[in-house]
1. What are the pairs, 6+ residues apart or on separate chains, where a residue within region 232-254 that is not assigned by TED's automatic domain parsing to the domain that holds Gly168 has its Cβ under 6 Å from a residue that is surrounded by 22 or more Cβ atoms within 10 Å (Cβ to Cβ)?
2. Within the set of pairs 6 or more residues apart or between chains, which connect a residue that is of a type in the set (S, T, N, Q) inside region 284-306 to a residue that is in a loop (DSSP other than H, G, I, E, B) and modelled with pLDDT of 95 or more with Cβ atoms less than 7 Å apart?
3. Please count how many residues of region 95-115 are in contact (Cβ under 8 Å) with a residue 12 or more places away in the chain and surrounded by fewer than 19 Cβ atoms within 10 Å (Cβ to Cβ).
4. Can you tell which of Asn166, Asn74, Asn124, Asn106 is polar (S, T, N, Q) and within 16 Å of ligand 1 (Cβ to nearest atom)?
5. Can you find even one residue in region 305-323 that is hydroxyl-bearing (Ser, Thr, Tyr) and within 16 Å of ligand 2 (Cβ to nearest atom)?
6. Pick from Gly70, Gly80, Gly90: which is touching a Lys or Arg at 6+ places or on another chain (Cβ under 6 Å) and touching a residue at least 24 places away in the same chain (Cβ under 8 Å)?
7. Output the helices (runs of 4 or more DSSP H) that fall wholly within region 201-298 and possess 2 or more residues being at pLDDT 95 or above, or say none.
8. Quick test of your reading of the structure: Leu302 fulfils all but one of (1) part of a loop (DSSP other than H, G, I, E, B); (2) within 16 Å of ligand 2 (Cβ to nearest atom). Name the failing condition by number.
Amino acid sequence: MLVDDVKVNIKAGKGGDGTVSFKRAKMELGPTGGNGGDGGNVYVKGVVDLGALKKFRFKKDIRAESGKRGLPDNRSGENGKDVLLEVPVGTVVHDLERDMIIAEVNRAGEEILIAKGGKGGRGNFQFRSSRNTSPKEFEYGKEGDLVSARFELKIIADIGFIGLPNVGKSSLLNELTNAETKVANYPFTTLEPSLGVYYELVIADIPGLIKGASFGKGLGIKFLRHIERTKVLFHFVSAQSAEPLRDYETVREELGRHCKKLLEKPEYLIVSKKDEVSRKRLFQIKEELEAIGKKVIFLSILEEESIRDVKIILNELIEDKKKG
Ligand SMILES: Nc1nc2c(ncn2[C@@H]2O[C@H](COP(=O)(O)OP(=O)(O)O)[C@@H](O)[C@H]2O)c(=O)[nH]1
Ligand SMILES: [Mg+2]
């Protein structure tokens, strides 16, 4: 099961206390107490691993190290070590007490501070003045931030699989990834968008788009928000359909009603189950779809070669993604 919502208690490190000390040599009095080190910060860091929130189900309390006490000879105490929490790209960090969003992790490698360590206190060296040449003053280190956080994963899929039910969307997702989608020969088996990860790409399989979906028929429309931010759509039509072009247009209509922007996304048109029909029929379908200016990719999940064609496209998309 994908963990996409967890609560975590976070405590940044406390600052180290300042120190009081004096020079030992008889003729040279004077303060030498150093400052305490700063407490460690806590950061989140984006990684390409949808499962990265899972570890927080068992690891609910995160603390960064405290700063060390100041030292004689005006040496500062060591800073506490920072903690870097790896979270999936797409994670939103809420501060539950302040009821606000404190971080949104949008890119792999991105690091965002979510709890700041306390500052180290000053040692007595810092309090010296012409009037007071042997101060005994010092400061305690400050407490680090205490954050009651919620990590919520808002998945940004790179590719959305769309099409009528039963056109092979889940089958291809299974074939490409290890998502454990149910595959069956009837509509509506996939009850939630399945997400697959193919190397760096996140693929969302949007189930159940049917005519009338934008009016609440079927299940698909509920899931369309998952593809509002995707970069590319793979639009599937079945070669077995009597009217592939009409199927295509039906889905486009529903998309457009939900959100016009979806129609502007780059799209690959995939004609699935090519093994089920004659070459002659495939040719007809190709002509029909190319007439509306679409590049068509034929696919059979039973044929390695056509899976390879899909992988070539995916690899290009991975390259594009890397380039940003
Ligand atoms: N012959 C053949 N059957 C396929 C192919 N792709 C999918 N299927 C079958 O079509 C049915 C529906 O597939 P599914 O992936 O669940 O469709 P979805 O509703 O679009 O996700 C399943 O029985 C699959 O085994 C294909 O390329 N060739
Ligand atoms: Mg499906």
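1. Pairs that qualify, where the first residue is not assigned by TED's automatic domain parsing to the domain that holds Gly168 and the partner is surrounded by 22 or more Cβ atoms within 10 Å (Cβ to Cβ): there are none.
2. Ser300/Lys273; Ser306/Leu299; Ser306/Ser300
3. Within region 95-115, the subset in contact (Cβ under 8 Å) with a residue 12 or more places away in the chain is 95-97, 102-115.
From what's left, surrounded by fewer than 19 Cβ atoms within 10 Å (Cβ to Cβ): 95-97, 102, 104, 106-113.
So the answer is 13.
4. Working: Asn74 fails: within 16 Å of ligand 1 (Cβ to nearest atom); Asn124 fails: within 16 Å of ligand 1 (Cβ to nearest atom); Asn106 fails: within 16 Å of ligand 1 (Cβ to nearest atom).
On inspection, the qualifying residue turns out to be Asn166.
5. Our first condition is that a residue be hydroxyl-bearing (Ser, Thr, Tyr); within region 305-323, this holds for 306.
Retained after the next criterion (residues that are within 16 Å of ligand 2 (Cβ to nearest atom)): none.
No: zero hits.
6. Working: Gly70 fails: touching a Lys or Arg at 6+ places or on another chain (Cβ under 6 Å); Gly80 fails: touching a Lys or Arg at 6+ places or on another chain (Cβ under 6 Å).
Going through Gly70, Gly80, Gly90 in turn, the sole match is Gly90.
7. Working: elements: 220-223, 244-258, 261-264, 279-290.
Qualifying helices (runs of 4 or more DSSP H): 244-258, 279-290.
8. The number of the failed condition is (2).
The values are calculated or read from the model by the stated rules, or taken from the named source; none is laboratory data. In this text, all values refer to a predicted model and were calculated from it rather than measured experimentally. Cβ atoms come from the backbone with ideal geometry, glycine included; neighbour counts cover every protein chain shown.
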